[in-house]
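Working notes, beginning with the structure itself.
The values are calculated or read from the model by the stated rules, or taken from the named source; none is laboratory data. These numbers were taken from a predicted model, which means no experiment stands behind them. Don't worry about glycine lacking a Cβ; one is built from the backbone with ideal geometry, like all the others, and counts go over all protein chains shown. SASA here: full protein model, heavy atoms, side chains in, ligands and nucleic acids out. Shrake-Rupley method; radii C 1.70, N 1.55, O 1.52, S 1.80 Å.
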Amino acid sequence: MADQRRRILFYLPVITPWWFANIAVHLIRTIARTEEVHVLVPPLWCNTGLGEEQLDLIADLDHVRWYVLDGPDHPRLRTDASAEDDLLELVRDIDPDFVLCRSADIITPARFPGTIRYMMEGAAPPFQTGNNWITLAPSLFDHGLIPTLSPEDTAILDQLAGSLWAQMLSHTQLPSRNAFLAATNLPDDKTVIALPLEYEHEENFFGQHHRYDSNAAMIEALAAALNDDTILAVTNHPLNELYGDNRAVKAVISEQKDRVVMLKTTQETGPITLALSQYCDGMIVGNSKSWSACAAFGTPLLRLSDFASGTWLQAYDNLSEFLTDIAAGNCKLPDPVSVRRWFAFHLSNCVFDPADPALNADDIISRMTQPVDPERWHPAAARFRAQPLAHVA
């Protein structure tokens, strides 16, 4: 009898050691129980790829077919491998049914056979998901998209949204606006525009999709467009605080004097970007996950990205129009019903824990073949509500 196993390819040019240990290995191990699994990964470079520390994690996976892409041009795999003919020929020879990517390059996987999905972070603030929860997305940073649903499915999501929203509010304790302004020394007579920074580090090749060359360049360009009645309130990415070189950002903020300030988390504010997303007059994001907190709190949003945004979000894509509408007090705002519906859809349909012991290959593959599956909504929402959540404040 012919082998009926499905061929699954993991294409991992920008996998970090953390992602490998906490996400990819779990998915590989689960799928390899019943399916034919191939893994394409470069050697460790700029904290991406497969290194010695990962070998112990895969020592027992000898039934998985490993390909270490260690040719002299392997660094190029991180950004654009579309000219690597040997790679494309190898993937065509494997002829996968499904491809799971951790790749900042979207040009090359588009040329692969099979159904292509990107392993992306599942976080959706202010909801607190697990650190390793992911989605399997058709692209990298399409935010807030929700498919056309039947009236029956819409009603199910709206019902789920009520309990999910109540849980979120019970774990999100934020100060009042006056208390927030006092705690952050922000003026109460100026328009406050928030700017959460992107993660900048040698391991983050996704930065090639940002509109600006660097966080410092973004701050400088946006600050130049603001008038004297507006202040740009910047918050740093937590990983920049831990591992990044923040000297250029600090220098450009210092040059702007009172036009730009950097805010930090304090006991009074709680997580600073979350609080700022509620109390600012508007927020500017690129591909940052902070957009979803603005949606939850009904905050005007300018999104500077080449990726798609849900129409219900009513995100601006023009800085001048955004600032003009804020000054006039007539900004476009997210539709509140659609806000709750999207969160319910994202948390019950799209996000999952790759380390869930109940997960099997069919579950993972169904997320690629059935991107909308009402059968998973109630169980997923129940698992989300049952997880222990720390208070956000």
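Summarise the long-distance tail of P(r) for the range 237-332 by giving the % of C-alpha pairs beyond 23 Å. Display every interim value, and only then the final one.
Working: 1494 of 4560 pairs.
It works out to 33 percent of all Cα pairs.
Exceedance of the 22 Å cut-off in Cα-Cα distance is limited, within the set K289/K332; K190/K332; K257/K332, to K257/K332.
Between C331, A194, H210, the Cα set farthest toward the positive side of the dipole of the chain (charges on each charged residue's Cβ, about the Cα centre) is that of C331.
Relative to the longest principal axis of the Cα atoms of the chain, the long axis of helix 336-345 lies at roughly 20 degrees. Taking N as the residue count of the chain, its C-alpha radius of gyration divided by 2.2 N^0.38 Å amounts to 1.03.
Against the chain, whose longest principal axis comes from its Cα atoms, helix 85-94 is set at around 60 degrees.
How many percent of the accessible area of the range 1-46 is carbon or sulfur, using a 1.4 Å probe? C and S atoms contribute 54 percent here.
When a 1.4 Å probe is rolled over the protein heavy atoms, the share of accessible surface on the range 159-227 that falls to carbon and sulfur comes to 46 percent.
Rounded to the nearest 0.05, the FRET efficiency derived from the C-beta distance between Q159 and A308 at R0 = 30 Å is 0.65.
Against the chain, whose longest principal axis is taken from its Cα atoms, helix 215-224 shows a tilt of about 30°.
How many Å² of accessible area per residue for the chain, probe 1.4 Å?
Values: 17820 Å² over 393 residues.
Counting only protein heavy atoms, the per-residue value for the chain is 45 Å².
For the chain, the relative contact order comes to 19 percent (Cα pairs under 8 Å, sequence separation of at least 6). Dipole magnitude for the range 46-97: computed about the Cα centre from +1 point charges on Lys and Arg Cβ and -1 point charges on Asp and Glu Cβ, it is near 180 debye.
In straight-distance terms, cross-link reach from K250 covers every one of the aspartates and glutamates whose alpha-carbon lies under 15 Å from its own, apart from those fewer than eight places away in the same chain; here that gives E198, E200, E220, E241, D258. Note on the range 199-300: with charges restricted to the Cβ of Lys and Arg (+1) and Asp and Glu (-1), its dipole about the Cα centre is near 140 debye. For the charge dipole of the range 76-178, defined by +1 on Lys and Arg C-beta atoms and -1 on Asp and Glu C-beta atoms about the Cα centroid, which residue among P175, A137, A123 has the Cα displaced farthest towards the positive pole? Final value for the positive-end residue is P175.
Taking every Cα-Cα distance in the range 175-223 and sorting them into 10 Å bins from zero, the calculated P(r) comes out as 21, 36, 25, 17, 0 percent.
One compactness figure for the range 70-175 is 1.49, namely its Cα radius of gyration divided by 2.2 N^0.38 Å.
Remark: the chain carries a charge dipole of roughly 960 debye about the Cα centre, counting +1 on each Lys and Arg Cβ and -1 on each Asp and Glu Cβ. Normalised radius of gyration (Cα atoms, divided by 2.2 N^0.38 Å) for the range 130-245: 1.42.
Filter the trypsin sites (Lys or Arg not before Pro) in the range 299-345 down to the DSSP loop ones having no more than 15 other Cβ atoms within 10 Å, then list what survives.
On the way: sites: R303, K332, R340, R341; in loops: K332.
Qualifying residues, ordered by number: K332.
A cut-off of 5 Å between modelled amide H atoms, ignoring neighbours fewer than 5 places along the same chain, links E203 with no other residue.
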